[in-house]
Structure formats: structure tokens, C-alpha cells
Amino acid sequence: MTHPRYRSFMDEALAEARLAAAAGEVPVGAVVVKDDRIVARGRNRTLEKSDPTAHAEIEAIRAAGAALGSQRLIDCDLWVSLEPCPMCAGAISFARIRRLYYGAGDPKGGAVENGVRLYASPTCHHVPEVYPGIGEGEAAELLKGFFAERR
């Protein structure tokens, strides 16, 4: 059972993922939410910016920090369509994101439930609450369709 005030923002993260795909980027999207409102959005922009760090999560965290005037995003939640990679999982921890909601798991590149499992490490300074599998089907289909077109 979900909390009575629970509201999913995964549709907004998926909308960002679709924008990324339309631009030829890997379809991953993210939103940062505080007090039940979106304060920042991000999508993969690595090709557009020629920047390997321009992942959806990083873009959303940077925009949220600027919007809120703080490097610490305490009381903020991150919604992302794909399980974060090691770089993004680290940024989420350093930003002190309260909750992480993600769609599709990433057995190859993920770092939350797959791969290095960063939040299980004793050296991880801050561990967000993690809620995987929200919107998983749609997120996985976006990714599968994107990569099928390129093969």
C-alpha cells in the first residue's frame, strides 16, 4: 500500500526520456521534486553537450541546485527512468537526495541494485530511500525501442 500523499512523478521523467530519444540521445529522463512540485528537469544530453557527465540525473541535480540555491537537495526526491550509473548514484548521495525512484533496472550499468551497489557500501556518506521499478515497463520499452532502431 502506498502512502496516502504519494504521487508518482515518473510520467514526467518518462516525458524527459522521450525528449532525449527525439534528440538522438539515450532515452533517460529525470525530475527533482520538492514539496510535491517539480523544481528541476533533466534528460540525457551527452551528445548535445559533448559531455560524458551530462546524464539525466546530473542535469536535473544541477538545475535543482541552481533553482534552490544549494548544493544540498535535502527534502528533495529524484525520479529517473533508469537505474542510476555509479557516477549518478554518487551525485545523488552527495546532493543528499531524500528518495530515489527509478523505472527500469540496469544490469549492465546500474549501481543501485546492480553492479557496485553504491548505497550498500560502508563508505557511502548518504543513502537515499530507494524505490525501484516504478514505470519499469514503459521505461524499458523506450530503451529497447531506441537501441533496436540503431541496430
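The values are calculated or read from the model by the stated rules, or taken from the named source; none is laboratory data. This structure is a prediction, so every number in the text was calculated from the model and none was measured. Every residue, glycine among them, receives a Cβ derived from its backbone with ideal geometry; neighbour counts consider all protein chains shown. Accessible surface is based on the protein model in full, side chains and every heavy atom, while ligands, DNA and RNA are left aside. Shrake-Rupley method; radii C 1.70, N 1.55, O 1.52, S 1.80 Å.
Scalar couplings 3J(HN,Hα) for the range 79-86, obtained by applying the Karplus form with A = 6.51, B = -1.76, C = 1.60 to θ = phi - 60°, are 10, 9, 6, 9, 3, x, 6, x Hz; x denotes Gly and Pro. Which of the chymotrypsin sites (Phe, Trp or Tyr not before Pro) found in the range 1-106 are loop residues per DSSP with 10 or fewer other Cβ atoms within 10 Å of their Cβ? Answer by residue number: Tyr6. Surface calculation, 1.4 Å probe, protein heavy atoms: Ser70 sits at approximately 40 Å² accessible. In this structure the amide hydrogen of Arg72, modeled in the peptide plane, comes within under 5 Å of no amide hydrogen from residues 5 or more places off or on another chain. Taking all protein chains as they are arranged and a probe of 1.4 Å, the heavy atoms of His125 leave approximately 140 Å² accessible to solvent. Computed from the C-beta positions of Ala148 and Glu113, the FRET efficiency with R₀ = 30 Å rounds to 0.75. Converting phi to 3J(HN,Hα) with the Karplus coefficients 6.51, -1.76 and 1.60 and the offset θ = phi - 60°, the range 67-78 yields 5, 9, x, 8, 7, 9, 9, 5, 6, 10, 10, 10 Hz in sequence order, with x at every glycine or proline. Among Lys108, Lys49, Lys144, Lys34, the order of accessible area from largest down is Lys108, Lys144, Lys49, Lys34, computed with a 1.4 Å probe on protein heavy atoms.
When the chain is described by a simple charge dipole with +1 on each Lys and Arg Cβ and -1 on each Asp and Glu Cβ, the residue from Ser81, Ala63, Met10 located farthest towards its positive end is Ala63.
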